[in-house]
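Please treat every number below as a calculation from the coordinates, not as lab data. What you see is a predicted model; the values in this text were computed from it and never measured. Heads up, the Cβs are rebuilt from the backbone with ideal geometry, glycines too, and the neighbour counts pull from every protein chain shown.
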Amino acid sequence: MSKQTIGKILVIIGFAIIAVNVIFLKPYDPHSILRWIALALILIGFMFIPTYAPLKNKQRDKKS
């Protein structure tokens, strides 16, 4: 499994945890811990998702 796939899975899990937490659970202290964990999963997942490729056209670099 690639880093990008792992990142997408973490983001989806994080958003699912936040959705369940907001819809079904009341805003008590133990549930806010779940929200922080979900937020951490989303942020870590976003760090894994990007893939950058070098520019194929050298002319773009010269125009900048």
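Numbers at a glance
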item	result
FRET efficiency, MET1 to PHE46 (Cβ-Cβ, R0 25 Å, nearest 0.05)	0.90
Isotropically averaged projected area of the stretch 3-47, using the convex hull of Cα atoms (one quarter of hull area), nm²	2.6 nm²
